[in-house]
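First the structure, in the form of structure tokens, and then the observations on it.
All of the numbers you see were taken from the coordinates with simple rules; none came from a lab. Only a predicted model underlies this, so the values are computations on that prediction, with no experimental measurement involved. Ideal geometry is used to build each Cβ from the backbone, glycine not excepted, and the neighbour counts take in all protein chains shown.
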Amino acid sequence: MRLRNQLLTLSLLTLLLPLSAWKLVQELENFLREAEENALLATAKTISQALPVEYLADLKLARGRILPLRQLAMEPIADGYITDWPETEQSLVFDSPTQALKLEVLAGRYGGHYYLALKVSDPDGLKATTFNTGTSDANRRAGVMLYLQSNRGQHSYMISTEAPGPLTINSLDGKGIRLSAAWMDDADGYKLELSLPTDVERISIGAVAPALIMPGESPERYAGTLNGRQQGEWLELVSRDDSAAAWLSNTVPGKSRAWLLQADAWVVADSGLLDASSNSELTWVQRMIYQGVADSRMLLRKPPPMWPVRIEATAIDIALKGGNGKLWNRDADSAAVYNLVAVPVFDDETRPPKVIGAVALETRSEGLLLMTNRALGRFSFVALLLVMVLATGLWLFASRLSRRVQKLSGAVSHAMDNTGQVPDLPLTGSGDELGELARNTEKLLRAVTEYTGYLQKLAGRLSHELRTPIAITRSSLENLASRDLDPIAQQYLDRAQEGLDRQAAIVRAMSEAQRLEGSVRTADWDTIDLAEMLGHSIEAYRSVNPSRTINLVLPSYVCELRCAPDLIAQALDKLVDNAISLTANDCEISISLRREDGQCLIDVANGGSRLPDVLHDQLFDSLVSLRENRGRGQHLGLGLHIVRLVAEAHGGRVSARNLPNDEGVEFTICLPVS
């Protein structure tokens, strides 16, 4: 990984700063929420303990089962449909003992009038209207039996019909007030809507559904508070206590709503709707931030009914069992959260105190979350800005550092191109570690250049210095050879002569390399066809080495090049001689010429040998030989050095590589076309 990427990755650790800020805001939010919850619980307990005596007496008074009267926003239309009734799911439900018949009862108040909405579900395939059509006995008809009690007395009604539609119902004794109703059949049974007298106090109601099992038998099924078709348990029609509601409205704090509940969670008093005028809609960005801060387990708030008749919530159930209930929920489209708490109301006159109701208090916590949301926004913006500035600074610093290192690396690579010149390295005037590295590298390169120059001149110096000792030794051996020597002395003389010849060959090779370096600068240049020159050279190689197979591959096009032909021929001689000396007689030698990217390439390949895996670049240095078996010849490593000198004199280069699958070695001379 590059240096700039490493520093950029390291800068990601700075993301811990906004993450810690996020966690801090969450903890702050939870702390403030807990504080508000405790304050709201304390307020609810204070309200429960400060309830006036008359309200406590209403809660303690056992008047039978409650049938709450919901406040209707408009007068219901008596048509048998109950879709215009609010909170239809909050109904009293009665089942027959066999659960084959079901009665649902809703009661409402509009102005000074009372209304009932009934739904009867009968899984029997015979509809009530169809049954009534075939029944002549009025006491056995299917329908709803209703008993009313008011200050004018008690009256009973049988609501049944043979066809859906509006009904006028008379009391069975003929003395009660006439009731208006509407009957509507549906797939499960039928629905009823009817109006009640304004002075009714309580009712006893039940659905009657005879079922024909076999001829002569008709067992009836009942669902409701009746005892058969006779009056049974009374249902008290209880409406909201307006005085208690006014007292709650004056007692609860702002942006809060309170309910006084009976022991079965029916609402006795309601302080009124919450003021939602300050509701603030969120953008999608703010919503994401808000949901990140808010508790993800917090329930989404369902739109509550305007005037609930019964509140079903876990917090309410806990309070009615004697505990303190708490519930948080939130709006999906705004920053508002709602906290609902409920505390029990005890009857202190009993031992132990008995729960007779509950006080529920709900408040809107919009301002709190908006405050923390703004704090989070400001803090997160500053933190992210710092992270971006820090990451950008680190990336720019890493880029500058990387460019300086690359510049120094390029200068060092250029200084190692074997030209013998040491350029001025960059960054040597810098005072940091890179400057110190550049200065030390420059010293090292100068020392290497001086040593390389010494090695390059070593062959010439040695050849000059060794000529005189070799001449003296040769003359001495010749004088000694003119004398009569015994066979043993003659053997030693021959070995000395052989060693002297080898030394002389070495000196001649070194002198040849020195002369070649000079001749490169004074060589005659001409434009020739390399293909034609290679053809003549290969014929000469084949004639000199008749036992070897030497292949030639030439292009179909003319490959002209301005060069020093003698030097090119000499370099080719060295490569072919090197290939022949390193391979057996059965190994082929292939020479090819091609032109690529404005360069003429001469390839000399041979099988049966392989270069070492390292030091390929040193093959062409002076006095360097990497042969594992040198044989009888003198191999000073000057041949390939001469090839490199010729290639560089033409502005080209020479390279060597091992062929795939150990098929041999290939040397390539690259000569640019001017």
(Q) I want to check the label-to-label distance for Asp173 and Asp124. Put each point 7 Å from Cα in the C-beta direction and report it in nm to one decimal. (A) 2.9 nm
Q. Taking other Cβ within 10 Å of each residue's Cβ, how do Arg202, Arg403 sort, fewest first?
A. Arg403, Arg202
Q. Got a sec? Charge dipole of segment 65-233, +1 on Cβ for Lys and Arg, -1 for Asp and Glu; which of Gln149, Gln99, Ile77 is way out at the positive end?
A. Gln149
(Q) Quick check on the exposure proxy: order Met388, Met74 from fewest to most C-beta atoms within 10 angstrom. (A) Met74, Met388
Q: Could you check the simple spin-label distance between Asn545 and Asp526, using points 7 Å along Cα→Cβ, in nm with one decimal?
A: 2.6 nm
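With a ≥ b ≥ c the root eigenvalues of the C-alpha gyration tensor of segment 482-593, is it rounded (a/c under 1.5), prolate (a/b larger than b/c) or oblate?
oblate
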Q: Of the listed pairs Lys23/Lys45; Lys302/Lys326; Lys45/Lys321; Lys255/Lys302; Lys119/Lys321, which have alpha-carbon separations greater than 24 Å here?
A: Lys23/Lys45; Lys119/Lys321
Q | Calculated over segment 65-233: convex hull of Cα atoms, volume per residue (Å³) | A | 112 Å³
Q: Can you tell me the dipole magnitude for segment 65-233 around its Cα centre, using point charges on the Cβ only (Lys, Arg +1; Asp, Glu -1), in Debye to the nearest 20?
A: 480 debye
Q: Give me Phe397, Phe346, Phe620 ranked fewest to most by other Cβ atoms within 10 Å of their Cβ, as a rough exposure proxy.
A: Phe397, Phe346, Phe620
